[in-house]
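The values are calculated or read from the model by the stated rules, or taken from the named source; none is laboratory data. For clarity, every value in this text was computed on a predicted model and none was experimentally measured. Using ideal geometry, Cβ is built from the backbone for each residue, glycine included, and neighbour counts are taken over all protein chains shown. Heavy atoms of the whole protein, side chains included, go into the accessibility calculation; ligands, DNA and RNA do not. Shrake-Rupley method; radii C 1.70, N 1.55, O 1.52, S 1.80 Å.
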Amino acid sequence: MTAQPATGGIQQGFRSVTANFAGNVADPTPIYREKRRTDPVMEGDILAELGVPPIFGNPRQRPVYTLFRHADIGAVLRDNETYISRLIGEGLGSFVGNFMLTAMDGDYHRRMRGLLQPSFMPNVLKAWRTELIDPVIRGEYVAPLVPRGRADLIADMGLGFPVRVIYAILGFPADDLKGQELFAGMALKILAGPKRDPEAAAQARKEALEVSQALYDYVLPVVRARRASGAVDNSLMSRLIRSEFEGERLTDEQVTDFTRMLLPAAAETTTRTFGTLMVLLLERPELLERIKADRSLISKAIDESVRYEPVATFKARECVRDVEIGGVKIPAGSILSMVVHSANRDEEVFENPDTFDIDRKQKPSFGFGYGVHMCIGMFVAKAEVESAVNAILDMMPNVRFDPDLPKAEISGVGLRGPAAVNVVWDVPA
Ligand code: HEM
């Protein structure tokens, strides 16, 4: 079997999304530290100042306030009646036909989440893990790399497996490369959509909508055929077709829309989380040895990596009534931009927040969200990353940074992670 490196198109798409959300500083943590101290509820949009496009739409030019403290952000994410998510639908959500769980509110969100959530519970995941996730990652991504002795863990693995796994979980055939390409390209085009410059935004939006429509046209007949054949298997698509909550069921169009919505949620976030964790571990050889000897620590390492270096670094909500946060009056209709990266380093909550410490006492961090919109795919994402790390530790002996290539760096303001993770290992005799 040959390795399945990401194609040039996907790599280019990844680079373009990285550039889109990179912002104008490599590491904003000192800025956030200062803001938490001096201006924790800031009038204005820090992301605009840092050169990152918004994921929310703001056609009515509502005022924006930025929150930096863990307590304030947690309170907003917990109160989904005062702070709602529809603004995501006016931004990123508008590229995917607006069937985006993150952009839904109130009872509609509760009902739709009720239909989707059972398919993501650990009992379902258990079968996917042994039948799909582990064999795909080990067999298709790591095994073919082993004889090479060197790889870029992003280009050669990380860009490929999250899409491949979601594709397999949904129940698409393994040899359908056209579909997979479409899936991967789609995820990246949607994420490249938001822009600050209006001309670039119009062009990117046009491209995102085209690819989004192409994917819809591709998936809908598959959903119809699956329903017609009884949808009896264990795949995510069949589970969604069979799902029932409070007497309601998903239509073919909604299953198609959900499938499409999964891509920007599930692919790139997992790629970057995997890359970030690998960098944090490779930078700490002693910790890597400890984890090699006790694999139960991988789960803790993922949680700490999602706190310390969250991939999705900010969240947005709109407030539906006048509120006061930290003594600042915020009028109804304002947008709250919340810096997760800052909350996760808040010294009021985390001891030595700027230290990567997998043994720290677990407290809620917001890297997988918080409250009613908390990531529905968290267990899938963690299972994938855990599987990938286990496979690397088992099959790439003495894995370490490639001394001949630039060392990986975690950077970016809007989306954080490494652009490449070049490693070498001892090729087994
Ligand atoms: C490490 C990878 C991942 C990260 C860091 C991540 C992060 C997040 C975050 C922060 C949210 C909350 C959004 C908000 O509050 O507005 C979220 C929601 C969501 N995620 Fe993930 N995610 C990851 C992987 C996945 C995967 C693999 C899937 C699907 C298989 C997925 C599906 C979703 C969905 C559907 C939502 C919307 C939930 C709702 O609004 O009720 N995510 N994710």
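On the given criteria, is ALA383 more than 18 Å from ASP79 (Cα to Cα), within 16 Å of the ligand (Cβ to nearest atom), over 12 Å from the mean Cα position of the chain (by Cα) and in contact (Cβ under 8 Å) with a residue 60 or more places away in the chain?
yes
In this structure, does ARG416 turn out to be open to solvent by 10 Å² or more (accessible area, probe 1.4 Å), out of contact with any Leu (no Cβ under 6 Å at 6 or more places or on another chain) and not hydrophobic (A, V, I, L, M, F, W, C)?
So ARG416 fails the test.
So THR38 fits all but one of (1) at pLDDT 95 or above; (2) within 16 Å of the ligand (Cβ to nearest atom); what number is the exception?
The single condition THR38 does not satisfy is (2).
Mind telling me which of the residues GLY91, GLY139 ends up being modelled with pLDDT under 95 and more than 10 Å from the ligand (Cβ to nearest atom)?
Of GLY91, GLY139, the one residue that is modelled with pLDDT under 95 and more than 10 Å from the ligand (Cβ to nearest atom) is GLY91.
Name, by its number, the condition in (1) touching a Pro at 6+ places or on another chain (Cβ under 9 Å); (2) among the hydrophobic types (A, V, I, L, M, F, W, C); (3) open to solvent by less than 50 Å² (accessible area, probe 1.4 Å) that does not hold for ALA388.
(1)
Could you list, ordered by first residue, the pairs with Cβ atoms under 8 Å in which the first is in segment 173-184 and open to solvent by 40 Å² or more (accessible area, probe 1.4 Å) and the second is modelled with pLDDT under 70 and in a helix (DSSP H, G or I), at least 6 apart or interchain?
Taking only residues 6 or more apart or on different chains, the pairs are GLU181/GLY9.
Within segment 15-34, which residues are over 22 Å from LEU159 (Cβ atoms) and open to solvent by less than 40 Å² (accessible area, probe 1.4 Å)?
PRO28, THR29, TYR32
State which residue pairs qualify: first residue under 26 Å from VAL165 (Cβ atoms) and inside segment 357-378, second residue within 12 Å of the ligand (Cβ to nearest atom) and of a type in the set (Ser, Thr, Tyr) in any location, beta carbons under 6 Å apart, and separation of 6 or more residues or different chains.
Close Cβ pairs satisfying both conditions: HIS373/THR102.
Taking the conditions exactly as written (surrounded by fewer than 20 Cβ atoms within 10 Å (Cβ to Cβ), more than 22 Å from MET157 (Cβ to Cβ), over 19 Å from the mean Cα position of the chain (by Cα) and more than 16 Å from the ligand (Cβ to nearest atom)), does GLU324 satisfy them or not?
yes
Just name the residue that is surrounded by the most Cβ atoms within 10 Å (Cβ to Cβ) out of those in segment 371-380 that are within 6 Å of the ligand (Cβ to nearest atom) and closer than 13 Å to LEU125 by Cβ.
VAL380
Which one of these is at pLDDT below 95, within 13 Å of the ligand (Cβ to nearest atom), hydrophobic (A, V, I, L, M, F, W, C) and within 23 Å of the chain's Cα centre (by Cα): PHE314, PHE368?
PHE314
Quick test for you: out of GLU348, GLU318, pick the one residue that is among the acidic types (Asp, Glu) and open to solvent by 10 Å² or more (accessible area, probe 1.4 Å).
GLU348
Any chance you could count how many residues in segment 126-167 are crowded, with 18+ Cβ neighbours inside 10 Å, touching a residue at least 40 places away in the same chain (Cβ under 8 Å) and not β-branched (Val, Ile, Thr)?
18
In this structure, is VAL340 more than 22 Å from SER119 (Cβ to Cβ) and within 16 Å of the ligand (Cβ to nearest atom)?
yes
Report yes if some residue within segment 392-413 is in a loop (DSSP other than H, G, I, E, B), within 24 Å of ALA22 (Cα to Cα) and among the acidic types (Asp, Glu); otherwise report no.
Within segment 392-413, one or more residues are in a loop (DSSP other than H, G, I, E, B), within 24 Å of ALA22 (Cα to Cα) and among the acidic types (Asp, Glu).
Is there a residue in segment 299-307 that is within 16 Å of the ligand (Cβ to nearest atom), more than 22 Å from the chain's Cα centre (by Cα) and surrounded by 19 or more Cβ atoms within 10 Å (Cβ to Cβ)?
No - not one qualifying residue is present in segment 299-307.
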